[in-house]
């Protein structure tokens with residue numbers, strides 16, 4: 001049995017035998033970008049992520065267009081309400097305006113208004129402040145203290161003369177002290193000022209370097225988180241806008257179906273009254289009208305929800321609802337191959353950088369844990385000064401001279417050594433815990449790497465399927481329109497029944513809805529590929545225009561397996577050779 005070296009098949013053609021299509025012989029097609037090899041790649045020879053990105057990768061804002069910071073004058077009234085604003089009356093949330101927005105305007109408003117993006121930017125500022133606080137460990141600290149700044153002191157005390165007579169005190173004949181008024185009284189009135197300055201600096205501090213390194217890594221991780229939030233915001237805004245476009249198209253299709261059903265019902269009743277139709281035809285037309293009205297109702301509900309969903313993402317004022325200013329159409333062509341898209345995702349995804357930084361943070365925490373049982377040598381200089389005005393005497397407060405003063409200062413310089421000799425093994429246990437957390441982060445890196453590849457592959461395969469669906473559904477729309485037109489003519493000519501008109505109308509409605517869904521899926525997959533890979537340049541498409549009649553000579557391909565990426569743009573493949581090489585590219589964001 002022959003081995004298939006690629007995962008794609010193509011069909012040479014379709015043969016018509018006795019009116020039935022017969023699938024031709026399928027041939028092998030090697031997938032572009034895949035090298036045929038008899039042996040698999042040795043996974044142990046793959047480069048190490050830390051060697052490629054560095055042990056402490058820095059965020060690269062240049063890899064992503066910066067977020068908008070202001071709205072144009074025409075959109076200034078769409079600025080977000082205050083963060084703590086909370087309506088308390090129904091009239092404050094009543095919708096007063098429907099504002100048409102293009103995709104570019106929606107993205108700009110989201111970048112300016114989004115509270116989630118502002119919160120991510122605030123986290124970057126917080127991490128930067130925390131890093132600056134850790135860098136301060138390299139500098140000495142200077143503390144100023146003032147116990148009395150100043151202090152007004154006043155005291156009075158009286159001493160019992162019967163105990164321990166004061167020096168020079170007069171004694172009576174029996175040897176007892178003679179109490180003289182004022183001799184055992186003490187008065188004090190002073191104004192005191194005491195200040196001190198302490199200078200402290202750790203000459204050797206094993207915890208200082210790992211703590212600064214940890215804060216720096218957390219700062220870079222916060223910057224990566226901001227870039228991730230910006231990418232997610234653009235993706236969510238784009239996909240919500242695509243949903244809004246699809247809901248508008250669904251409403252248009254539902255309205256057209258209702259109008260067609262009303263006309264069919266009118267014709268059915270007219271022919272019934274003329275005696276050329278049956279009651280069954282009228283009932284079938286009424287049933288189809290009810291079904292189309294349900295389709296329109298569901299489409300209107302979906303449109304309202306899609307409008308309010310994008311309004312929530314854009315954080316618009318409470319009384320404005322956005323609408324889609326442009327119709328649904330393919331945004332562009334994705335040129336990179338699947339393999340190029342996967343490698344680009346590995347290079348540009350900040351989630352991988354965050355996990356590498358998480359490994360570095362855990363290693364810094366491990367080193368900081370060991371620093372708890374290492375010596376710390378510090379330098380300390382203490383200087384203090386004091387001044388006292390006033391006196392203490394036995395006369396009275398009025399006799400104290402406040403001009404009398406004393407003052408002095410002290411200065412002490414020393415080295416201080418602290419060393420925790422035994423902590424019961426706590427530092428070693430915390431060190432092992434941090435190292436084990438670093439190992440866990442490495443496992444998370446492997447899981448995230450596989451998840452990134454799956455995301456890219458899913459979006460790529462969905463994009464490929466959406467391209468095929470656009471081709472098949474557009475062809476179905478064209479043929480359904482023609483079938484519906486012919487069925488109406490046959491009924492009007494009296495050679496067919498109303499059932500054929502209803503069936504063809506249902507087919508046309510389903511085909512147009514599926515065509516709208518295919519374009520939405522295509523644009524959504526395109527936006528997801530841009531989000532997952534960081535590749536933003538697209539080749540612009542022209543606006544699709546489905547003709548009313550089926551073009552002649554159109555080749556029919558029936559895929560057995562999904563085919564490689566083809567063009568989703570009308571006539572792009574035939575016009576690509578005529579375009580100059582310097583055609584402008586149109587970024588989605």
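The values are calculated or read from the model by the stated rules, or taken from the named source; none is laboratory data. A quick note: this is a predicted structure, and the numbers were derived from the prediction, not measured. Heads up, the Cβs are rebuilt from the backbone with ideal geometry, glycines too, and the neighbour counts pull from every protein chain shown.
For the range 489-498, taking the residues that are touching a helix residue (DSSP H, G or I) at 6+ places or on another chain (Cβ under 6 Å) and in contact (Cβ under 8 Å) with a residue 60 or more places away in the chain, the one that is surrounded by the most Cβ atoms within 10 Å (Cβ to Cβ) is identified as 498. Scanning the range 441-480 for residues that are over 20 Å from residue 348 (Cβ atoms) and free of Cβ contacts under 8 Å to residues at least 60 places away in the same chain yields 443, 469, 472, 473, 476, 480.
Criterion applied to 432, 449 was being under 27 Å from residue 334 (Cβ atoms) and either loosely packed, with under 14 Cβ neighbours inside 10 Å or under 23 Å from the mean Cα position of the chain (by Cα) (or both), and the one residue passing it is 449.
Residue 290 satisfies every condition listed in (1) out of contact with any strand residue (DSSP E or B) (no Cβ under 6 Å at 6 or more places or on another chain); (2) touching a residue at least 12 places away in the same chain (Cβ under 8 Å); (3) surrounded by fewer than 20 Cβ atoms within 10 Å (Cβ to Cβ) except (2).
Looking across 247, 261, one residue alone is part of a helix (DSSP H, G or I), more than 12 Å from residue 498 (Cβ to Cβ) and in the same structural domain as residue 326 (by TED's automatic domain parsing). It is 247. Given the condition in the same structural domain as residue 353 (by TED's automatic domain parsing), touching a residue at least 40 places away in the same chain (Cβ under 8 Å), within 27 Å of residue 535 (Cβ to Cβ) and in contact with a strand residue (DSSP E or B) (Cβ under 7 Å, 6 or more places away or on another chain), answer yes or no: does some residue in the range 87-103 qualify? Yes, there is a match, as at least one residue in the range 87-103 is in the same structural domain as residue 353 (by TED's automatic domain parsing), touching a residue at least 40 places away in the same chain (Cβ under 8 Å), within 27 Å of residue 535 (Cβ to Cβ) and in contact with a strand residue (DSSP E or B) (Cβ under 7 Å, 6 or more places away or on another chain). Looking across 406, 321, 418, 388, one residue alone is within 30 Å of residue 517 (Cβ to Cβ) and either surrounded by 15 or more Cβ atoms within 10 Å (Cβ to Cβ) or free of Cβ contacts under 8 Å to residues at least 60 places away in the same chain (or both). It is 321. Of all the residues in the range 58-74, those that are more than 19 Å from residue 345 (Cα to Cα) and either surrounded by 13 or more Cβ atoms within 10 Å (Cβ to Cβ) or in contact with a strand residue (DSSP E or B) (Cβ under 6 Å, 6 or more places away or on another chain) (or both) number 3. Taken together, the residues in the range 391-402 that are modelled with pLDDT of 75 or more and exposed (fewer than 15 other Cβ atoms within 10 Å of the Cβ) amount to 3.
Residue by residue, here is whether (1) assigned to a helix (DSSP H, G or I); (2) touching a strand residue (DSSP E or B) at 6+ places or on another chain (Cβ under 9 Å); (3) farther than 30 Å from residue 510 by Cα holds:
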| position | (1), (2), (3) |
| --- | --- |
| 299 | yes, no, no |
| 311 | yes, yes, no |
| 340 | yes, no, yes |
| 355 | yes, no, yes |
| 359 | yes, no, yes |
| 369 | yes, no, yes |
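Taking each residue of the range 361-373 that is surrounded by fewer than 21 Cβ atoms within 10 Å (Cβ to Cβ) and looking for partners that are outside any helix (DSSP H, G or I) with beta-carbon atoms closer than 7 Å, six or more apart or interchain, yields 371/206; 371/207; 372/420; 372/423; 373/420; 373/423. Could you grab me the full set of residues in the range 272-289 that are more than 19 Å from residue 512 (Cβ to Cβ) and either assigned to a helix (DSSP H, G or I) or under 57 Å from the mean Cα position of the chain (by Cα) (or both)? Scanning the range 272-289 gives 272, 273, 274, 279, 280, 281, 282, 283, 284, 285, 286, 287.
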